Structures are given as structure tokens and as C-alpha cells.
1. Going by what's in this entry, would Ile60 be described as crowded, with 16+ Cβ neighbours inside 10 Å and within 30 Å of Leu179 (Cα to Cα)?
2. State which residue is farthest from Leu89 (Cα to Cα) when the search covers only the stretch 222-264 and only residues that are modelled with pLDDT of 95 or more and of a type in the set (Gly, Ala, Ser).
3. Could you list, in sequence order, the residues of the stretch 180-227 that are β-branched (Val, Ile, Thr), surrounded by 20 or more Cβ atoms within 10 Å (Cβ to Cβ) and touching a residue at least 40 places away in the same chain (Cβ under 8 Å)?
4. If I ask for residues that are in a strand (DSSP E or B) and either outside the structural domain of Ala41 (by the TED database) or more than 18 Å from the chain's Cα centre (by Cα) (or both), which ones from the stretch 59-74 would you list?
5. Which ones in the stretch 153-178 are of a type in the set (A, V, I, L, M) and open to solvent by less than 40 Å² (accessible area, probe 1.4 Å)?
6. Considering only the stretch 120-137, state which residues are surrounded by 14 or more Cβ atoms within 10 Å (Cβ to Cβ) and either modelled with pLDDT of 95 or more or in contact with a helix residue (DSSP H, G or I) (Cβ under 8 Å, 6 or more places away or on another chain) (or both).
Amino acid sequence: MKALVALILLVQLPIHKAVPAAPPAPLGCDDPESEAAAEVAVNYINGHSHHGYKFALNRIEDIRVVPQGPNNDIIFLELDLLETTCPILSPTPLENCTVRSFAEHAVEGDCDVKLQKVDGILSVLASKCHSHADSSEDIHKVCPDCPLLARMNDTEVLETVSAALNDYNSKTTDSYLRLLEIGRAKIQYHPGHVVVTEFAVGATNCSAQEAKANVGACQLLPEDQSNFGFCTAVMVKAPSQDLQVDCQLYGHQVPAPDIPLLSWPGVTYAHPGQDTSAGLAPSAVGITNHNLGLFHNNPVASESSSSEILRSMLSAKSVAKRAVAEAAQHDKVPRPVGFVPPPPPCPGRIRYFDI
């Protein structure tokens, strides 16, 4: 009898079901977690770029987090970057690099990045980037007399780089320098005719004096002795003539373990039969800036998939459009006088300027 009473009492007890936890609020583009992910992404992009200059974060356009399990998230980022004055070979930390001003003919990079965050640790799984210089119309609206980026295979540009390198090598007592690539160039016609170029160089196994006897035998120093640098040259062609050259060598640097020297940023080696008189890879001929053009899967990451980036980004944009529509519908609700709606979570703030 007692057992029957106990059973009845148990049946009458209220049944409490576990209430699922509410999903976390979506991240805003200016939230600290978003900025931390963007910092990891930008460092990865610069670390795996092979040409041109380092890029700095200008704006987080969008962020989407897809939970994978406890303490495991996949993060998709859309980033706007701006070119800095630091060559990709420079050991200068990114935070000490200056973003090129709008009037210097700025270059913008657009990147989609896929990351994974496990137990608070962020790692990049894949990235896809491209870059473009601002339009000449936009530059001339702000600075009508500012020279624009010249094509890097322009005859005057190649002439200036060649003259500058010959001038430097004829005066130095150190290693003979070889051209790696041209970074950027400008040609000004008024009030004087001036050509300005920037280019990457590498020290060879010859002294400048030895190169005079047999320059063809001079090869870039081996990996354990490599020494790269960067030069700027200004050639005045009219009304007078002058040439100024300044080269800075960075000293031997040890590349990151996952970036072998043959693919180290900025270093391009000649292949048999390839014309390197201008220091340009065939894909670089005729362009006004080095396209960031990064499409990279992290070989260490198990989740690497560039196609997944594209699919997920499209999905994220659809979600964003729905959110905008819902917000617009929500705004039709009467608000108290003086009500100020909160800013949208994305895109984030502009750190420098908009292109």
C-alpha cells in the first residue's frame, strides 16, 4: 500500500523540462571579439602575400559566427583593407606602418576570411582577397595636380629603375643588388617632368666590383644568408636632369616556418627563359599596382575550403538582407519622442577613409 501511495505522489510531481539556453546575441562589427578576429586575419593575409606592400584594416564590413559545438565556432569575415607604405618584405610591425593617404593614390583590398575559434584560440582556415587602386576621377576631385599611379611596364618607369639600380651599384662597396620587383611608380609632367619609383631588391653573392666582370654569375644569396631591401628613386627629366636613389637593406630575416623562402613575400625567382630585365613576373606586366590577389587555404587546417567561404558569404548576405527588412518593418512601430535607434551592428567604423 505504501508503495502505491509513493508511486501516486511521484506521478503528481511537476515535470520540469530543461529550457534551452537563448542563442548569443550576434556580434557587431566593432565588438572586441570581431576586432580580435580581424587582427588575426590581417596578420595572416600580410604573412602570405607575395608582392607589394602590407595592408592595414580600414573597416570590418560583416561578420558571421556559425557555432560548431562547445567552445568551437567558425567565423566568416568581410574586410576592407588599405595599402601602407611598408613593403611586404619590411620587418617593420604593421602597427608602425603608415597608411597611404588618399592623395597618394590609395589602394584598397577586399578580403573574405574564414576562421575557426576553438577554446578561445583563433586560426585562419582560408582567405580570398583582391585589391584595386582608387579611380583617377576621385583623386583629381581632391587633388587636381597629384600624379597618378603609372603602369609598371611604362618605358620611363623601367628606365628610371634601371638607372637607379646601376647608379647605386656603381657607388656601393657592399653586395651587388638585383631587382626583385617594382612596387609602384608615378610620373609627373607639371611643373616639371619627374618619375618616382619604388622597388624591391636582393643582395647577391657578388660584390659590386665583382659584378662588373661577370654580372650573369651573381645570384641571390642562399636562404641562410638572404638579405632583401627596398629602394626609392626620383628621376628629374625636365627642366633640369637629376637622379636621387635611396636603398635600405633589412638584413637577414628568418621566414615563418610555414613560409619557405622560395615563396617568401616579395621574393620572385627567375625561371629559365623568363625575361626579368624589368623585375616583373609575366602576370604583373602592365598593372599600376600589385593586386593583393590572395586565394589561400591553410594546409594545416582540416576545415579549409574556399568554396565554403563563397557559399557561406552568400548565405550571410541573405541573412543580412532579411535583417535589414525586419529592421525596416520594426521601425514602423511608434517611438517615443527623442528616441534614437541604436547603430546597426555592421558594417563597422571606418578607421582611415572611404574609397
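1. No: the conditions fail for Ile60.
2. Ala233
3. Ile182, Ile187, Val195, Thr197, Val201
4. Those that are in a strand (DSSP E or B) and either outside the structural domain of Ala41 (by the TED database) or more than 18 Å from the chain's Cα centre (by Cα) (or both): Arg64, Val65, Val66, Pro67, Gln68, Gly69, Asn72, Asp73, Ile74.
5. Selection gives Val157, Val161, Ala163, Ala164, Leu165, Leu177.
6. Leu122, Ser123, Val124, Leu125, Ala126, Ser127, Lys128, Cys129, Asp134
The values are calculated or read from the model by the stated rules, or taken from the named source; none is laboratory data. The structure presented is a predicted model; accordingly, all values stated were derived computationally and were not measured. Note that we place each Cβ from the backbone using ideal geometry, even for glycine, and neighbour counts take in every protein chain shown. These area figures cover heavy atoms from the full protein model, side chains too; ligands, DNA and RNA do not enter into them. Shrake-Rupley method; radii C 1.70, N 1.55, O 1.52, S 1.80 Å.
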